[in-house]
Amino acid sequence: QVQLVESGGGLVQPGGSLRLSCAASRSIFSRNAMGWYRQAPGKQRELVATITSGGRTNYADSVKGRFTISRDSAKNTVYLQMNSLKPEDTAVYYCNANSAVFRTDYWGQGTQVTVSS
């Protein structure tokens, strides 16, 4: 059963932009904080950005000032706007929904982002 569905990945030149989307069910979206993680070849999965139901955000230092996470409650969707992309941003990006209160943790299937000239 697929709980989260990502889209928006692709190939982009350095300095370019992409917007990733993650669609969730109403119940998952309303009960969980949402986030984006990424995993590059040969590296561990790392946190990129998170956002709570109240809109509080947190970013990895490597993406601050370049990436913006947001959520749309009407669409049960979380977004990751990625600007000024660098080759180092190349990775598979995963959507996550997590709640310590409800003890839930969901992951999307991932979407590939490649930054190259």
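I'd like the residue in the range 43-53 that is farther than 21 Å from Gly10 by Cβ and in a strand (DSSP E or B) and, out of all such residues, is least open to solvent (accessible area, probe 1.4 Å).
Result: Ile51.
Yes/no matrix, rows are residues, columns are (1) part of a loop (DSSP other than H, G, I, E, B); (2) in contact with a strand residue (DSSP E or B) (Cβ under 8 Å, 6 or more places away or on another chain); (3) on the phi > 0 side of the Ramachandran plot; (4) at pLDDT 95 or above:
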| position | (1), (2), (3), (4) |
| --- | --- |
| Tyr37 | no, yes, no, yes |
| Gly55 | yes, yes, yes, no |
| Gly65 | yes, no, yes, yes |
| Tyr79 | no, yes, no, yes |
| Cys95 | no, yes, no, yes |
| Val101 | yes, no, no, no |
| Asp105 | no, yes, no, no |
| Gln112 | no, yes, no, yes |
| Ser117 | yes, no, no, no |
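Within the range 11-26, the residues that satisfy the criterion of being farther than 10 Å from Ser84 by Cα and among the hydroxyl-bearing types (Ser, Thr, Tyr) are Ser21, Ser25. Quick check on my filter: what residues within the range 1-42 are charged (D, E, K, R) and either free of Cβ contacts under 8 Å to residues at least 12 places away in the same chain or open to solvent by less than 30 Å² (accessible area, probe 1.4 Å) (or both)? Glu6, Arg38 - these are the residues of the range 1-42 that are charged (D, E, K, R) and either free of Cβ contacts under 8 Å to residues at least 12 places away in the same chain or open to solvent by less than 30 Å² (accessible area, probe 1.4 Å) (or both).
Number of residues in the range 54-71 that are closer than 11 Å to Met34 by Cα, open to solvent by 20 Å² or more (accessible area, probe 1.4 Å) and under 14 Å from the mean Cα position of the chain (by Cα) equals 4. Quick one: in the range 92-112, which of the residues that are in contact with a Ser or Thr (Cβ under 9 Å, 6 or more places away or on another chain) and open to solvent by less than 60 Å² (accessible area, probe 1.4 Å) is farthest from Pro41 (Cα to Cα)? Result: Ala97.
When the residues of the range 43-83 are filtered to those that are in contact (Cβ under 8 Å) with a residue 40 or more places away in the chain and of a type in the set (A, V, I, L, M, F, W, C), the one that is farthest from Ala97 (Cα to Cα) is Met82.
The values are calculated or read from the model by the stated rules, or taken from the named source; none is laboratory data. These figures come from a predicted structure and were not determined experimentally. Here Cβ is always computed from backbone atoms with ideal geometry, including for glycine, and neighbour counts include all displayed protein chains. To get the accessible areas, we keep the full protein, side chains included, count just its heavy atoms, and leave off ligands, DNA and RNA. Shrake-Rupley method; radii C 1.70, N 1.55, O 1.52, S 1.80 Å.
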